[in-house]
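Notes for the one structure printed next.
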Amino acid sequence: MQILKPIGNSVLYVGQTVGEMIALLCEMLYFFKEAPRNLTSIFRQMSIVGIETLPIAMLVALFVGMVLSVQTGSELALYGTQEAIGAIVGLSMVKELGPVMTSLLVAGRVGSSMAAEIGAMQVYEEIDALKTLEINPVRYLAMPRLIACLFAVPALVAFAMVVGIIGGGIVAEVNPKIDVPFNVYYENMTRAINYKDIVKGLFKAMVFGGIIAHVGCYVGFKASGGARGIGESTTRSVVLSFLLIMIANYLLTRFMI
Amino acid sequence: MFSDDKSNGGNFLGNFWAKVAHGFSPAIIEGETCQIYHEGSNGVSIEIEKLNKSFGDHHVLKDIDLSIKPGETFSIIGPSGTGKSLLLKHIVKLIEADSGRIIINGHDIEDPEVRNGSSDFRYSMVFQSSALFNSLTVGENVGLWLREKRICPEVRIRRIIQEKLRLVGLEGKEELRTSELSGGMKKRVAIARSLAMNPDLILYDEPTAELDPVTSDELARVIMSLKDKVKLTTIIVSHDLNFALYLSNRVAMMHDGEIIALGTPEEIKKSQNPIVRNFIYTTTKGIQGEGD
Ligand SMILES: Nc1ncnc2c1ncn2[C@@H]1O[C@H](COP(=O)(O)OP(=O)(O)O)[C@@H](O)[C@H]1O
Ligand SMILES: [Mg+2]
């Protein structure tokens, strides 16, 4: 019987977390109607998510595109089918690697700092202070972050797709083993990629952006226990959003194909 | 609608920005008056009846009964961990009681009709950690409630911010960032932020915690001067006995989640209750030692 107790407790814990997260999500969606009067903070959050993450996201995308090209290109060259490299790099960047890699990056960079910031506000009574000032913390803090991520993450992903594809093209042209000229690469890629693929990729990115803000805010609001609690909440937000992004990615891919 | 029609000049861009920043609420556009923001507040009365709160097996507040008169400065003293902050959080509705009632000016605070910011009364709290928002400047912190509430035009908000900062002795410090402030200044900004609501009830949680004696003396003077300038009910929670005795009309001593003594500072000093005597003795030991 003693063995069952921890199992029961963790089931309760997971159930409680899921319930609270759904409640927070509903509350955030409800406050979308207040978005017009919170435009300044929405734009501030967008610039934090978008502009501050852009350089590193592009760098990552560039190398992802390059490594993809090297790996598959040299393999394809063995069979003389290296022209297909454009389609392969393009489709992977647009459908999977662009959205997923960029979102993981944003989760690690922005999601964790959201959790830390809101967590610190929770621990240092600032959330309580907001409540006594009759300011709903979900409206004031969470909703702008969610909206910002919903738009800024797809924007980042669009850049990442382009940069990754360019990186792959450069490697294909320069690498002597592959040796596919850029115009061949480009044509092959555009023939393979449908605009629907791009829309789907960006939609994925939007969902991932939502997950990042949702998790960051939830974990932040739940922080407790001083400076240590703030530290723990950053780690927890990264782990939880990685996990949810991966699960969502599978489900979205499964049902959008 | 929210404003009278006294138009104000001023630069177009600045006004436009103010409108964007405040989401085009009508109040921001023109005019001088503030809805529901009357000068001068009235202290409120507070009745706490048989309040109980537990966290799991830990019964923190046990049958608290308290009655606070309008305009009174009331202190709650006692060692750490006895539930003083928790009691305050019940009064400002941050925490719900397991049982018992809190009645402010004849209204049960659980009554959904009674909200903070309604015309009946307003309360605000100065938190132990000051709880200033460090993404905002001093002025923005003080003006936050007014701007979010959108009951005042921007010109008027600026004037109110100035006035409240003057009350706490921080004139002209609007543009400072909160990270540039000392502990005592943070407390005073937090007080100004609370005063900007024009509250009828103000609660201080450990106002002198983490402050040196000189600064806490200054803070005592600020709180004293507010008593003369603004008429409101004040509740101070503190483990600093001298501070509480100096400022208050009445003092309650809390121990283990119960009120064990209640009276004027004189009565508390003379109390025969052994726990009170012990608390007074331990907190004034050094001073007595010198006197002997
Ligand atoms: N949210 C909470 N959850 C669990 N326990 C709490 C909570 N808030 C307060 N307590 C407990 O209530 C007791 C009183 O806390 P508090 O009111 O902060 O004491 P004081 O302000 O008198 O030092 C403490 O033992 C604390 O552990
Ligand atoms: Mg306390």
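The values are calculated or read from the model by the stated rules, or taken from the named source; none is laboratory data. Keep in mind it's a predicted model, so treat the numbers as computed, not measured. Here Cβ is always computed from backbone atoms with ideal geometry, including for glycine, and neighbour counts include all displayed protein chains. The area values use the complete protein model at the heavy-atom level, side chains included, leaving out ligands, DNA and RNA. Shrake-Rupley method; radii C 1.70, N 1.55, O 1.52, S 1.80 Å.
Under the combined filter of DSSP loop state and at most 12 neighbouring Cβ atoms within 10 Å, segment A:111-160 retains none of its trypsin sites (Lys or Arg not before Pro). Chains B and A together bury roughly 1900 Å² of accessible surface, counting both sides and using a 1.4 Å probe on protein heavy atoms. Per residue, segment A:1-40 exposes 73 Å² of solvent-accessible protein surface, assessed with a 1.4 angstrom probe and all protein chains in place. Figure note: B:His255, B:His239, B:His90, B:His58 ranked by solvent-accessible area, largest first, 1.4 Å probe, ligands and nucleic acids not counted: B:His58, B:His239, B:His255, B:His90.
Between B:Glu49 and B:Asn278, full extension at 0.36 nm per residue minus the direct alpha carbon distance yields a gain of 79.7 nm. Note on segment A:39-256: along the principal axes its Cα atoms extend 69, 31, 30 Å, ordered by decreasing extent. Hull volume per residue, based on the alpha-carbon atoms of the protein assembly as shown and their convex hull, is 219 Å³. Reducing segment B:130-195 and segment A:119-189 to their Cα centroids gives an inter-centroid distance of 35 Å. For the set A:Ile257, A:Ile56, solvent exposure ranked by accessible area (probe 1.4 Å, protein chains only) runs largest to smallest as A:Ile257, A:Ile56.
Mean partner shielding of peptide A:120-132, defined as the number of other chain Cβ atoms within 10 Å of each residue Cβ, is 6. The packing ranking of peptides B:204-210, A:247-253, B:76-82, highest mean first, is B:204-210, B:76-82, A:247-253, where packing means the average number of other beta carbon atoms within 10 angstrom of each residue. For the residue pairs A:Lys222/B:Lys229; A:Lys131/B:Lys84; A:Lys222/B:Lys227; A:Lys177/A:Lys200, the alpha carbons lie more than 28 Å apart in A:Lys222/B:Lys229; A:Lys222/B:Lys227; A:Lys177/A:Lys200. DSSP beta bridges fully contained in the protein assembly as shown are about 55 percent antiparallel.
Residue by residue, segment A:26-43 carries 3J(HN,Hα) couplings of 4, 5, 4, 5, 4, 7, 4, 5, 8, 4, x, 8, 10, 4, 4, 6, 5, 5 Hz when phi is fed to the Karplus relation 6.51 cos²θ - 1.76 cosθ + 1.60 (θ = phi - 60°); x denotes Gly or Pro.
For a modelled paramagnetic label at A:Leu12, 7 Å from Cα along Cα-to-Cβ, the residues of segment B:55-79 in reach, with backbone nitrogen under 16 Å, are B:55-58.
Highest mean packing comes first when the peptides A:119-128, A:72-81 are listed by Cβ atoms within 10 Å, giving A:119-128, A:72-81. Averaged over the residues of peptide A:31-43, the number of Cβ atoms from other protein chains lying within 10 Å of each residue's Cβ is 2. Per-residue shielding of B:126-135, expressed as the average number of other chain Cβ atoms within 10 Å of the residue Cβ, stands at 5.
The Cβ shell under 10 Å around A:Leu141 holds other residues with a net charge of 0, Lys and Arg each +1, Asp and Glu each -1.
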